[in-house]
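The values are calculated or read from the model by the stated rules, or taken from the named source; none is laboratory data. A quick note: this is a predicted structure, and the numbers were derived from the prediction, not measured. Using ideal geometry, Cβ is built from the backbone for each residue, glycine included, and neighbour counts are taken over all protein chains shown.
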Amino acid sequence: MITQRKIEQIAIASLDDELCPSSEDLASFILGDLDGPAQLRVAAHVRGCPLCQQLAAICAPQPAPDSALRHLVASLTAPIAAVGLRGDDERDTLRRYVAADITVELTVPPPDGDSWQLVGQVLRSGMGLPFSAVQIQAGRRRPRTSRCDADGFFSFTGLRAGAYRVVVEHGQVRVEITSLILSHDD
């Protein structure tokens, strides 16, 4: 829980920085209510400003303790055309998974030998959903966890071939991608 002293320190620090977004803009950013350019401008500022990062973390909506977590299994929409073209006609494939009002876009670039990278973005209404927790797990291996940046992007590197489960949690919503296959036969 935040102490009164911590709030006072944040308030005093904010008086020194005229370049920070207004409290109204920061609150709208946290809720994802700004238009595209304004959301991106505030997101860029928050990435570089420790004070605004702390305020965003403090003010981010938290689920009520007695509320039930909505668990949704995402479905894969039709594969999207290649995002990037590489040598030997290898392509990055964009995979889009949709569950309720949350979209998870995953890009799997061609592997570097036997090691894959997974880059993704969590979206709501076409806008990046910041600070979502993302977990990836292959079989019974220990899960790896990441947190989305202010624009909803996340990545995992050093993945081996196999079947993975990806789970995205944001507030009271848990989106599960049950079978992501990384293979040279894709």
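The figures follow:
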{"item": "Close pairs (8 angstrom Cβ cut-off, 6 or more residues apart or separate chains): in contact (Cβ under 8 Å) with a residue 40 or more places away in the chain and loosely packed, with under 15 Cβ neighbours inside 10 Å in the stretch 159-175, of a type in the set (Ser, Thr, Tyr) and part of a strand (DSSP E or B) anywhere", "result": "160/115"}
{"item": "Of residues in the stretch 130-163 being aliphatic (A, V, I, L, M) and not in a strand (DSSP E or B), the one modelled with the lowest pLDDT", "result": "161"}
{"item": "Residues located in the stretch 138-178, provided they are closer than 16 Å to residue 119 by Cα and hydroxyl-bearing (Ser, Thr, Tyr)", "result": "145, 146, 155, 157, 164"}
{"item": "Exclusive hit being under 18 Å from residue 41 (Cα atoms) and in the same structural domain as residue 101 (by TED's automatic domain parsing), set 139, 120, 126", "result": "126"}
{"item": "Hey, residue 124 surrounded by 14 or more Cβ atoms within 10 Å (Cβ to Cβ), within 21 Å of residue 36 (Cα to Cα), at pLDDT below 90 and not hydroxyl-bearing (Ser, Thr, Tyr) or not", "result": "yes"}
{"item": "Residues located in the stretch 145-158, provided they are farther than 20 Å from residue 53 by Cα and surrounded by 16 or more Cβ atoms within 10 Å (Cβ to Cβ)", "result": "156"}
{"item": "Within the stretch 80-108, considering residues that are surrounded by fewer than 17 Cβ atoms within 10 Å (Cβ to Cβ) and either outside the structural domain of residue 169 (by TED's automatic domain parsing) or among the acidic types (Asp, Glu) (or both), the one modelled with the highest pLDDT", "result": "101"}
{"item": "Single condition residue 20 does not satisfy, out of (1) modelled with pLDDT under 80; (2) assigned to a loop (DSSP other than H, G, I, E, B)", "result": "(1)"}
